[in-house]
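The structure under discussion appears below in the form of C-alpha cells.
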C-alpha cells in the first residue's frame, strides 16, 4: 500500500496556513446521505502522525478504521463533518450535493479565524467564500497521497457506516448494516421486491434497476 504523507500540507504550512483535507463517503451509494469530513493536523505533530498508518479508508478494515478514528481525534487540531440528506441529492444531484457539503465544511473552518487552505480529493469547488480557487488544491486520488485527506475519508466513512447501521433498524428489508446503501446483489434484490424506501436516491435506483 502506497503511504500517504504531508507533502502537500508542508507547502502551505510554510506559508502560515491552517491546512484542511476534505473527502466524502457515499457518492455512489443507492441510499443514505452523502457525508463529508475535513481534518486539520498541526505541523508540530506531522512526523508522529506520518507513522500512524493513516490511509485511504477503502483500503482499511472496519476494525482498523475504528482504531484510527480514535487516534485522529487525539492528534488533529480540528475535525468537521457535513451531512447532505437524500432529499437534497434527489432534488439537485450528487455533484451539487458534494459542493454543498464542502461549503458547509468551509463555513465551519472560517469560525477558527485563521488563514485556511483546503486540499480536496478529486475536483475543485467553485465559489467557496473565504477560500476561492486560490486557497484550494484538488488532488486526484488525494486519499492515497495526503494524510489530511485520508484522515477525512476515515472520519467520514466511520460516521456514515454507523448512521447506515441505525437506518438498517428502521428499514430492515434492505440490509443497510451490511451494504451501507451500496448496490450489492442483495440490495438490488430487495429493491425489486419491496421497491424504494424514503432514504433511497431516486435517480440512482432508476439507473440500477434498468
Exercise. Counting only residues that are assigned to a helix (DSSP H, G or I) and over 20 Å from residue 14 (Cα atoms), which one in the stretch 36-58 is nearest to the chain's Cα centre (by Cα)?
Worked result: 57
Seminar exercise, completed: In the set 67, 24, the lone residue that is modelled with pLDDT of 95 or more, under 19 Å from the mean Cα position of the chain (by Cα) and assigned to a helix (DSSP H, G or I) is 67
Exercise. Among the residues of the stretch 1-16, which ones are buried (at least 18 other Cβ atoms within 10 Å of the Cβ) and at pLDDT below 95?
Worked result: 4
Problem set entry | Residue list for the stretch 128-158, restricted to those being part of a loop (DSSP other than H, G, I, E, B), out of contact with any helix residue (DSSP H, G or I) (no Cβ under 6 Å at 6 or more places or on another chain), touching a residue at least 24 places away in the same chain (Cβ under 8 Å) and within 22 Å of residue 43 (Cβ to Cβ) | 135
For this session: Would you please name the residue that is farthest from residue 101 (Cα to Cα), looking only at residues in the stretch 148-173 that are under 11 Å from the mean Cα position of the chain (by Cα) and surrounded by fewer than 24 Cβ atoms within 10 Å (Cβ to Cβ)?
Result: 158
Problem set entry | Residues located in the stretch 11-42, provided they are more than 17 Å from residue 135 (Cα to Cα) and without any contact (Cβ under 8 Å) to a residue 60 or more places away in the chain | 42
Problem set entry | Number of positions in the stretch 84-106 that are in contact (Cβ under 8 Å) with a residue 12 or more places away in the chain, over 14 Å from residue 40 (Cα atoms) and either outside any strand (DSSP E or B) or over 13 Å from the mean Cα position of the chain (by Cα) (or both) | 15
Seminar exercise, completed: Residue pairs within 7 Å by beta carbon, gap of at least six or interchain, first lying in the stretch 43-71 and without any contact (Cβ under 8 Å) to a residue 24 or more places away in the chain and on the phi < 0 side of the Ramachandran plot, second surrounded by 14 or more Cβ atoms within 10 Å (Cβ to Cβ) and outside any helix (DSSP H, G or I), listed first then second, are 71/52
Seminar exercise, completed: Within the stretch 176-192, residues within 8 Å of residue 164 (Cβ to Cβ) and part of a loop (DSSP other than H, G, I, E, B) come out as 180, 181
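Looking at this structure, is residue 125 buried (at least 20 other Cβ atoms within 10 Å of the Cβ), in contact with a helix residue (DSSP H, G or I) (Cβ under 9 Å, 6 or more places away or on another chain) and under 19 Å from residue 88 (Cβ atoms)?
yes
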Exercise. Hey, among 48, 62, which residue is loosely packed, with under 13 Cβ neighbours inside 10 Å and more than 29 Å from residue 177 (Cα to Cα)?
Worked result: 48
Exercise. If you check residue 136 against the conditions, is it within 30 Å of residue 6 (Cβ to Cβ) and surrounded by 12 or more Cβ atoms within 10 Å (Cβ to Cβ)?
Worked result: yes
Seminar exercise, completed: Among 203, 209, the single one that is touching a residue at least 60 places away in the same chain (Cβ under 8 Å) and either surrounded by fewer than 14 Cβ atoms within 10 Å (Cβ to Cβ) or within 30 Å of residue 53 (Cβ to Cβ) (or both) is 203
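The values are calculated or read from the model by the stated rules, or taken from the named source; none is laboratory data. Since we're looking at a predicted model, the values are computed, not measured. Note: ideal-geometry Cβ built from the backbone for every residue, glycine included; neighbour counts use all protein chains shown.
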